[in-house]
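Data first, discussion second: the structure below is written as structure tokens.
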Amino acid sequence: MNFRKAARREALAGYLLIAPAVGLFIVIGLFTVLFSIVLSFFSLPQGQLIWNAKFAGLDNFKDFLLGGNYILSGFFRQALVNNLWIAFAMVVIVIPLALFIAVLLERAVRGVRLFRTIFLLPMVTSSVAIYYVWQGLYDPTGSINQLLGSIGLDSWRAENGWIGEIHTALPAIIIAIVWGALPHSLILFFAGLQGVDTHLYEAAEIDGANAWQKLTRITWPILKPITVIVVIMNLNVALQVFDQIWIMTKGGPAGATQVVNVLVYQQAFFQDGDMGVANAMGWTMFMLTFVLSLLSLKLFRDKSGGNRIDQS
């Protein structure tokens, strides 16, 4: 009997200890999520108090998805296209490049610590500082234009800066985002390579396999589960990108680098915006990210049920 009382007291003490954390989660986490969902069906123009919100039903979604508000719909489509271009670059550039560098680092004998430090610099540096540096590089008087001028390629210079001209702004932003995202994928691939049995490579060499065959028939199949994580992670980064754009261009010039999260921020806090529309956009992007993540899982899932290595 005394044992039961002691167990109840311990359980009660445990509940009391976690109560503040649970309370904060309910108030700050769960409540704000539910409130955001509800608000996405209301109209709340910027500057009005919450109790003045008017029920709008699906009109908020129709405005930017189906052309209910022609101007806003155009902005959203352009922003979404830019997000998808960034996502495409994050998958087709970051992942192969991160895997290639991880393989080189795993096989390097000398200077591996130095190279690891260089490639991991974006992770340990403030993102605000990083993108201000990139902004300086892309400036009309920045290092890139100066370098091109010094080697006689004046015709290649961007007179208004590389992020100041419509046709170069988005590619320049993508390069900066790719550079910042590379270390995260690199770490995951490098960690995965540590678990690859070296005897597999030795056996492949005996059979006459070249470097490409070892990569595609040994390394890649073993790293498939990690690749799924890397793809989903990079898609999330691409579809939720905000600080890089806001720091460097704020969506300009002429919307060339506008992304959905910047548009959401402008709708939520700028004049003539609507908090309800901003929340509707945010949840639309959440659903898009969720669907693309599921498609990535389906695409990269090993249908054989394991990480079987092709022996042919």
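The values are calculated or read from the model by the stated rules, or taken from the named source; none is laboratory data. As the structure is a prediction and not an experimental result, all values here were calculated from the model. Note that each Cβ is placed from the backbone with ideal geometry, even for glycine, and that neighbours are counted across all protein chains shown.
Among the candidates G47, G74, G29, the residue that is among the small types (G, A, S), over 15 Å from N279 (Cα atoms) and at pLDDT 85 or above is uniquely G74. Only residues that are under 25 Å from I101 (Cβ atoms) and assigned to a helix (DSSP H, G or I) were counted in segment 117-146, giving 18. Considering segment 208-235, and only residues there that are surrounded by 16 or more Cβ atoms within 10 Å (Cβ to Cβ) and among the polar types (S, T, N, Q), the residue that is farthest from I177 (Cα to Cα) turns out to be T219.
Only helices (runs of 4 or more DSSP H) whose full extent lies in segment 1-89 are considered here, and the ones with at least 2 residues that are farther than 27 Å from L170 by Cβ and charged (D, E, K, R) are 2-24, 59-65. The set of residues in segment 257-274 being of a type outside the set (D, E), farther than 22 Å from A87 by Cβ and outside any loop (DSSP other than H, G, I, E, B) consists of A268, F269. Is at least one residue of segment 253-265 among the aromatic types (F, W, Y) and over 25 Å from A172 (Cα atoms)? No; the residues of segment 253-265 include none that is among the aromatic types (F, W, Y) and over 25 Å from A172 (Cα atoms).
Cβ-Cβ contacts under 7 Å between residues 6 or more apart (or on different chains), taken from a first residue in segment 188-212 that is farther than 12 Å from I222 by Cα and free of Cβ contacts under 8 Å to residues at least 24 places away in the same chain to a second residue that is buried (at least 17 other Cβ atoms within 10 Å of the Cβ) and hydrophobic (A, V, I, L, M, F, W, C), are listed as Y201/I218; A204/I218.
Does M281 count as over 22 Å from H184 (Cα atoms) and either crowded, with 22+ Cβ neighbours inside 10 Å or at pLDDT 90 or above (or both)? Here the answer is yes, as M281 does meet what is asked.
With respect to Q258, determine if the residue is among the polar types (S, T, N, Q) and modelled with pLDDT of 85 or more. Considered against the rule, which asks whether it is among the polar types (S, T, N, Q) and modelled with pLDDT of 85 or more, Q258 comes out as yes. Only one of the numbered conditions (1) of a type outside the set (S, T, N, Q); (2) free of Cβ contacts under 8 Å to residues at least 12 places away in the same chain; (3) touching an Asp or Glu at 6+ places or on another chain (Cβ under 9 Å) is not met by I163, and that is (2).
When restricted to residues that are under 30 Å from M281 (Cα atoms), of a type in the set (A, V, I, L, M, F, W, C) and not in a helix (DSSP H, G or I), segment 208-240 contains 0. Checked against the criterion of being surrounded by 10 or more Cβ atoms within 10 Å (Cβ to Cβ) and within 30 Å of F190 (Cβ to Cβ), the candidates A102, A7, A53, A19 yield just one match: A102.
Summed over segment 160-207, the residues that are in a loop (DSSP other than H, G, I, E, B) and either surrounded by 21 or more Cβ atoms within 10 Å (Cβ to Cβ) or modelled with pLDDT under 85 (or both) give a count of 8.
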